[in-house]
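One structure below.
The values are calculated or read from the model by the stated rules, or taken from the named source; none is laboratory data. Note that this is a predicted model, so its numbers are computed, not measured. Neighbour counts are summed over all protein chains in view; Cβ atoms, including those assigned to glycine, are modelled from backbone coordinates with ideal geometry.
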Amino acid sequence: MAPHATHTATHACSSARRTRITAGNFRVLDRLATQIERIQQVNDLHVLTPEIVDAARETLLIGH
């Protein structure tokens, strides 16, 4: 699989995970997005992965 295709698939999976976690709640989605950005900045990560979304969810105690 080409690197671009892998990146696109990972991003799609991560986006679906964010939607499922927040259940369409825009306030929770905003909090989750902010936490995802923090995690990416602290760890110098440039690609959104499902693992980053899960780490943000756990930090915010969403869906427990």
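For the reader, a short list of remarks on this structure follows.
- Segment 6-64 - residue that is among the small types (Gly, Ala, Ser) and part of a loop (DSSP other than H, G, I, E, B) and, of those, modelled with the lowest pLDDT: Gly63
Okay, residues lined up against (1) at positive phi; (2) surrounded by fewer than 17 Cβ atoms within 10 Å (Cβ to Cβ); (3) in contact (Cβ under 8 Å) with a residue 24 or more places away in the chain; (4) of a type in the set (Ser, Thr, Tyr):
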| position | (1), (2), (3), (4) |
| --- | --- |
| Cys13 | no, yes, yes, no |
| Ala16 | no, yes, no, no |
| Arg20 | no, yes, no, no |
| Phe26 | no, yes, no, no |
| Arg38 | no, yes, no, no |
| Gln41 | no, yes, no, no |
| Asp44 | yes, yes, no, no |
| Val47 | no, yes, yes, no |
| Glu58 | no, yes, no, no |
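- Subset of segment 29-64 [in contact with a helix residue (DSSP H, G or I) (Cβ under 7 Å, 6 or more places away or on another chain), polar (S, T, N, Q) and farther than 11 Å from Ser14 by Cβ]: Gln35, Gln40, Thr59
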